[in-house]
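> Okay, here's the structure, questions in a sec.
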Amino acid sequence: MRFIRPILTLKNLLKKPQTAGHITRSTTVINRHDFHNKTRQFHGSAFVKYASPTTEELPMRILLLGSPGAGKGTQSSRIQKSFNISAITSGDLLRQNIANGTRVGKIAAKHMECGAYVPDNIMIELITDELQRFNRQNWLLDGFPRTINQATSLDDNLSLSGQPLNLVINLHVPEEVILQRIMDRWVHVQSGRIYNQSYNPPRIPGLDDITGEKLTKRADDNPETFKIRLQKHHELTDPLLEYYDKQNILITCTGRTSDEIYPQIESELISRYSGGKIIHHENRVVDIRDDDLVVNEEKL
């Protein structure tokens, strides 16, 4: 069965909506040193709050935020498939350094063995060291920073290295949807791979696709604990969103499924970073200099 995503063109992104299915948002757009209001639009039932576009030569320096279970890993994978960008996940980076016995990994392991959080300065060192490997390449951060103190420290280090963030994507999914995802979630603890019985089940029930090892459920994947986790997440993240919003680099993408949210992300990345250049995607080529170019996406 084929699922055909709505046709995406530059004209469709910019013209006024003709049907009830189109939702617009008025935003401030920065074009060199000129400021003016501009309305953007895309197809779908969800909305995106667009941040200000940046210059066309700017590399991707992206942070992905969202509640537990919002689908950050799914969106990160789809972005990597469509764009020339590398993802850095704090959890994977921690596991890698601990497994390799690096200096930072040993320090982090001691804190984790005691059930304590890894100190901010250790996480900052871990992330910035990793980012140095990418130099002027595109990168996306997932899982860090989580607090305002981490964000300001990270910004200081990124500015010193000449790689400041220029886009923060916040995924907003209704809590009842996230709760169902949490209840259906299974984890391969050793690798951190996550499966979901509803939309991303393992090939063999109960077993990891790669290793064949048993999957487990997290002890805190239950409604009561999840509500506490979600409340704590909002307490930490709300100041973070305000911080990035003041920098005018925050966008919020809202939807119930990844298929509702991803077109919003893709539209913003094409608009913000391509600068009219041709972007080679998984199964298509997009050139946004041609207003009449039609892009079809098909999913089997």
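The values are calculated or read from the model by the stated rules, or taken from the named source; none is laboratory data. The structure presented is a predicted model; accordingly, all values stated were derived computationally and were not measured. Note: ideal-geometry Cβ built from the backbone for every residue, glycine included; neighbour counts use all protein chains shown. Heads up: the accessible areas ignore ligands, DNA and RNA and are worked out on the full protein's heavy atoms, side chains in. Shrake-Rupley method; radii C 1.70, N 1.55, O 1.52, S 1.80 Å.
> Looking at region 188-207, is at least one residue farther than 30 Å from M60 by Cα and of a type in the set (G, A, S)?
yes
> Say we look at region 172-181 and pick out the residues that are open to solvent by 40 Å² or more (accessible area, probe 1.4 Å) and closer than 30 Å to I270 by Cα; which of these is modelled with the highest pLDDT? So that I can check it myself, show each step before the final result.
As a first pass, look at region 172-181 and keep what is open to solvent by 40 Å² or more (accessible area, probe 1.4 Å): 172, 175-176, 179-180.
Still in the list and also closer than 30 Å to I270 by Cα: 172, 175.
Numbers: H172: 95, E175: 90.
In this case the residue turns out to be H172.
> Give me a count of the residues in region 255-274 that are β-branched (V, I, T), surrounded by 18 or more Cβ atoms within 10 Å (Cβ to Cβ) and either part of a loop (DSSP other than H, G, I, E, B) or over 12 Å from the mean Cα position of the chain (by Cα) (or both).
Adding up the residues that qualify gives 1.
> Would you confirm, using the coordinates I've provided, whether I169 is touching a Gly at 6+ places or on another chain (Cβ under 6 Å), open to solvent by less than 30 Å² (accessible area, probe 1.4 Å) and outside any loop (DSSP other than H, G, I, E, B)?
Details: touching a Gly at 6+ places or on another chain (Cβ under 6 Å): no; open to solvent by less than 30 Å² (accessible area, probe 1.4 Å): yes; outside any loop (DSSP other than H, G, I, E, B): yes.
No.
> May I ask you to verify whether I98 is within 20 Å of the chain's Cα centre (by Cα), among the aliphatic types (A, V, I, L, M) and at pLDDT 90 or above? Spell out how you get there, then give the answer.
Numbers: within 20 Å of the chain's Cα centre (by Cα): no; among the aliphatic types (A, V, I, L, M): yes; at pLDDT 90 or above: yes.
No.
> A further question on this structure: Among what's in region 207-235 and is hydrophobic (A, V, I, L, M, F, W, C) and open to solvent by 80 Å² or more (accessible area, probe 1.4 Å), pick the residue that is modelled with the highest pLDDT.
I210
> Got a number for residues in region 182-195 being open to solvent by less than 40 Å² (accessible area, probe 1.4 Å) and at pLDDT 85 or above?
Here the count works out to 6.
> Tell me, please, whether a residue that is free of Cβ contacts under 8 Å to residues at least 12 places away in the same chain, of a type outside the set (D, E), open to solvent by 30 Å² or more (accessible area, probe 1.4 Å) and outside any helix (DSSP H, G or I) can be found in region 150-166.
yes
> Could you count how many residues in region 85-119 are under 26 Å from T252 (Cβ atoms) and out of contact with any strand residue (DSSP E or B) (no Cβ under 8 Å at 6 or more places or on another chain)? Quick ask: steps written out before the conclusion?
Keep residues of region 85-119 that are under 26 Å from T252 (Cβ atoms), which gives 85-93.
From what is left, the residues that are out of contact with any strand residue (DSSP E or B) (no Cβ under 8 Å at 6 or more places or on another chain) are 91-93.
Residues meeting the conditions: 3.
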